[in-house]
Every structure is written in C-alpha cells, then in structure tokens.
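Below: one structure, written as structure tokens.
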Amino acid sequence: MTDIMNQSESLRIVFITTPDLDTAESITNALLEKRLAACVNIFQGLRSMYHWKGKIEDDQEILLMIKTRSELLEKQLTPLVQKLHPYQVPEIIALPIVGGGQSYLDWILSETGGIENHNLES
C-alpha cells in the first residue's frame with residue numbers, strides 16, 4: 001500500500017486551453033489513446049483575457065483538465081500537445097494532486113501505466 005501511496009504523489013492535473021472543440025477533442029483523443037491521460041474533462045464557454053503581442057486579447061476558449069502522472073508530462077504529454085495545438089504558445093500548466101479518493105487516484109495510476117496488476121472495485 002505504501003508504494004501506491006508514494007506513486008499517488010506523482011499525479012498531476014494539467015490545464016490546457018484550446019481555441020475550439022475540434023482541437024480539444026483531437027488532443028483529448030490522442031492523450032487517451034496513448035494512455036498519457038486517465039481522464040480529460042472538456043469545459044466549454046471559457047472566456048480568456050490575456051496579453052499577446054502588445055495587446056489585451058479577449059477570446060472564447062475550451063479548457064481541458066487532464067489527469068495524468070508527472071513522469072508522462074515533460075517527455076510525452078507536453079510535446080504531443082505542442083505538436084497538435086494550433087497556438088504558437090499553448091497553455092500547458094500542471095498542478096500536483098495533493099489528495100483525493102484513494103480508489104480514484106489508484107485508477108489514474110492504473111490507466112496511465114503507473115500500477116500493474118491493480119484490482120479496481122466498482
């Protein structure tokens with residue numbers, strides 16, 4: 001059990017904004033197919049205001065909330081998103097998951113290859 005709890009410390013939530021639903025779904029499908037994410041939530045109707053090239057921009061965007069492991073972030077997830085994303089500087093921000101239901105955290109690990117032979121109960 002200690003190994004699983006230690007592995008849980010490597011879990012991350014990654015936020016990525018996209019310009020449209022097609023891009024959001026394309027990135028989501030690629031991450032799930034490659035098991036770089038256990039789950040991706042897609043939030044529509046996001047309004048983003050930001051500085052870009054000397055102007056303040058005001059755009060509608062889609063937010064992806066991705067559950068993954070830190071080991072996948074830099075070498076696999078981020079390069080894949082950068083390849084598929086149309087923005088010159090895509091937002092890719094990761095935060096640690098500091099707690100949660102242990103069965104859900106175990107599920108994230110299992111689905112992203114962090115735990116082998118893990119039994120999940122419904």
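The values are calculated or read from the model by the stated rules, or taken from the named source; none is laboratory data. Predicted model, so just to flag it, every value in this text is computed and none were measured. Please note: Cβ atoms are built from the backbone with ideal geometry, for glycine as well, and neighbour counts cover all protein chains shown.
Taking the criterion of being under 15 Å from the mean Cα position of the chain (by Cα) and at pLDDT below 95, would at least one residue in segment 15-31 satisfy it?
From segment 15-31, those under 15 Å from the mean Cα position of the chain (by Cα) are 15-18, 23-31; that's our starting set.
Those still in the list that are at pLDDT below 95 too: none.
No.
Restricting to segment 23-38, name every residue that is surrounded by 11 or more Cβ atoms within 10 Å (Cβ to Cβ) and without any contact (Cβ under 8 Å) to a residue 12 or more places away in the chain. 29, 32 - these are the residues of segment 23-38 that are surrounded by 11 or more Cβ atoms within 10 Å (Cβ to Cβ) and without any contact (Cβ under 8 Å) to a residue 12 or more places away in the chain.
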